[in-house]
1. For the residue pair A14 and A255, what label-to-label distance in nm results when each label sits 7 Å from Cα along the Cα-to-beta-carbon direction?
2. Work out the FRET efficiency for K481 and K428 from their Cβ-Cβ distance, taking R0 = 30 Å, and round it to the nearest 0.05.
3. Return the subset of K131/K213; K131/K155; K384/K418 for which the Cα-Cα distance in this structure is over 24 Å, preserving the input order.
4. Name all residues of the stretch 414-435 having a backbone nitrogen under 13 Å from the label point set 7 Å from the Cα of R395 along its Cα→Cβ direction, giving them as ranges.
5. Using Cα pairs closer than 8 Å and at least 6 residues apart in sequence, work out the relative contact order for the stretch 152-224, in percent.
6. Which whole-number percent is the relative contact order of the stretch 403-452 (Cα, under 8 Å, 6+ apart)?
7. When a/c is below 1.5 the answer is rounded, else prolate if a/b is larger than b/c, else oblate, so apply that to the stretch 359-501 with a ≥ b ≥ c taken from the square roots of the Cα gyration tensor eigenvalues.
Amino acid sequence: MFQFANPQYFYLLAVVVLAVLLDCGLFLVQHRREKKLADIPLLHRLTPDRSRIRPLLKRILLYLAAIALIFVLARPQILGGGTTQNKRKGIEVIIMMDVSNSMLSNDIQPSRMERSKLLVSTLIDRMKDNKVGLGIFAGEAYPLLPITNDFVSAKMFLNDINANMVSLQGTSLAAAIDLANNSFTQEKGVGKAIVVITDGEDHEEGAVEAAKKAAKDGRRVYVLGVGSKDGGTIPTEQGPLCDIDGQVVVTRVNADLGKEVAQAGRGMYIPVDNTSMAQDQLQSALKQLQQKESIAASDDAADEQFQAVALIALILLILEFFIMAIKNPLFKKVNIFNRAGLLLILLALSLASPVASQAQTAAYRQVRQGNRLFMKHDYKGAEKAYLQALQSEPRNGRIRFNLGDTYMAEDNQQEALKQFAEAAKTEKNKTVKAMAFHNMGYIHHKKKEYDKAIDYYKEALRNNPSDNDTRYNLALAQKQKKDQQNNKQQQQQQQQQQDQKPQDQNRQNNPDQQDQQQSDSQMSQENADQLLQLSRQAENQTRKKLQQQQPRQKALIKNW
């Protein structure tokens with residue numbers, strides 16, 4: 001949408017109109033004086049070097065330049081056609097949400113998890129100038145959204161949180177706090193808070209130590225305890241969840257542990273119920289943290305268009321300066337300042353600006369429309385708008401980047417990859433190139449094509465080495481690639497072991513097998529006891545190895 005940032009300067013046009021009227025009045029007075037002095041044709045013959053058109057042209061050029069400068073002061077803009085940086089004063093908050101099965105209990109309405117999501121959504125709405133990051137945890141902790149001031153994306157990720165996002169059940173507060181503590185930016189002098197939303201049924205150890213370490217690093221740990229003291233059952237499709245003994249599980253909030261962790265993290269424990277008291281208390285506590293002014297990019301910025309108008313004003317002033325009021329002796333025979341020449345010059349000047357910026361303005365208008373439709377989740381309409389913009393500017397990398405984002409939203413990954421590749425090829429801005437490579441890596445990452453994802457993430461970091469999001473995704477892809485390779489090796493080993501096992505169903509009618517069974521039946525009791533003891537020793541050694549390699553394996557005993 002086209003607009004003027006300072007429309008009040010258009011009142012100066014009245015001054016220009018008054019100046020034109022005054023100049024016309026003076027011209028008429030001077031013309032009458034010349035008539036009284038002498039006959040006009042005779043006067044022209046007596047002053048052959050005097051030009052009748054040049055003074056008028058110089059006045060017109062000055063007035064047009066003045067009008068152009070007034071338009072410059074009014075600042076013509078196209079909304080959504082560019083980016084800007086806004087100064088914000090706030091803190092950094094990492095929110096870790098418990099997504100274990102116990103959070104499905106409905107002792108807090110509608111459920112612990114839904115109540116937590118509503119609390120976080122309201123908290124994000126109140127943040128304004130702060131930065132927020134999201135993470136989830138159960139038996140393990142995972143980041144969901146790196147720290148950002150894009151609250152729209154934060155709420156989108158928040159809506160998708162569910163209890164199936166972490167396969168290893170349990171509740172590991174230590175893993176959640178450690179992950180959050182490592183997710184902040186390196187910026188100094190800004191308040192940093194870790195908000196852990198959980199029922200407090202910690203099935204692991206080390207939560208208090210992790211909170212102390214976070215406090216030592218300058219982070220405050222706030223624990224929001226979700227659940228009631230009486231507790232509630234955990235609903236499943238088969239009915240209430242039962243433990244390994246067949247007893248119905250009753251989950252209760254562990255307020256004592258939450259208070260201990262919050263105290264160790266120099267924060268606060270806040271119980272969550274069906275009222276808004278918890279979010280009010282948390283908001284009040286976060287306001288007490290040190291705030292620092294930061295710079296945040298705005299995607300809905302206005303693209304300034306005054307440069308073209310200022311250029312026209314400069315050209316008009318230069319022409320006015322070099323045009324003399326009298327005829328130049330060197331160009332007496334060249335008469336370009338007649339009425340026809342004057343009209344052609346004015347026409348060319350009037351058409352210079354629209355012709356020069358027509359294609360660009362149309363493209364920005366389409367981009368702005370596409371941005372609006374994208375925010376409304378009308379991806380088909382946004383796609384159409386971006387494609388129309390590309391017709392005017394086919395080598396505009398930013399338009400192709402937006403189009404690639406639209407295809408990603410439509411789950412058209414193949415077309416998205418094409419647009420991001422073209423954007424990375426045509427765009428000169430390294431930040432935009434890095435964003436294109438990042439998204440290409442993200443698409444392959446989601447498809448578990450880790451080799452391609454790693455290559456694109458590295459290319460993104462070559463263009464923007466300070467991008468923490470890409471650096472994190474690269475490390476995650478490398479870890480998942482290693483885990484994938486380890487899983488394949490384990491599957492191959494298991495397959496080999498299964499191939500080596502005898503087929504019992506084929507041995508029933510095998511005479512050799514019967515002979516072997518008779519031989520086994522004749523085994524002495526002493527040999528049998530020795531074999532049993534060796535088997536127990538091997539089993540104990542195996543358990544010790546598993547405990548060393550998987551310190552959180554015990555969380556599997558409790559699947560809530």
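1. 6.9
2. Values: r = 32 Å, r/R0 = 1.07.
Step by step, r from the Cβ atoms, then E = 0.40.
3. Working: K131/K213 22 Å; K131/K155 13 Å; K384/K418 16 Å.
Result: no pair exceeds 24 Å.
4. Only 425-428 pass the distance filter.
5. On the way: 68 pairs, mean separation 27.5, N = 73.
This gives 38 percent for the stretch 152-224.
6. Working: 37 pairs, mean separation 13.1, N = 50.
Normalised by residue count, the contact order of the stretch 403-452 is 26 percent.
7. Details: a/c = 3.55, a/b = 2.21, b/c = 1.61.
Verdict is prolate for the stretch 359-501.
Read the figures in this text as sums done on the coordinates, not as results from a lab. In this text, all values refer to a predicted model and were calculated from it rather than measured experimentally. Neighbour counts are summed over all protein chains in view; Cβ atoms, including those assigned to glycine, are modelled from backbone coordinates with ideal geometry.
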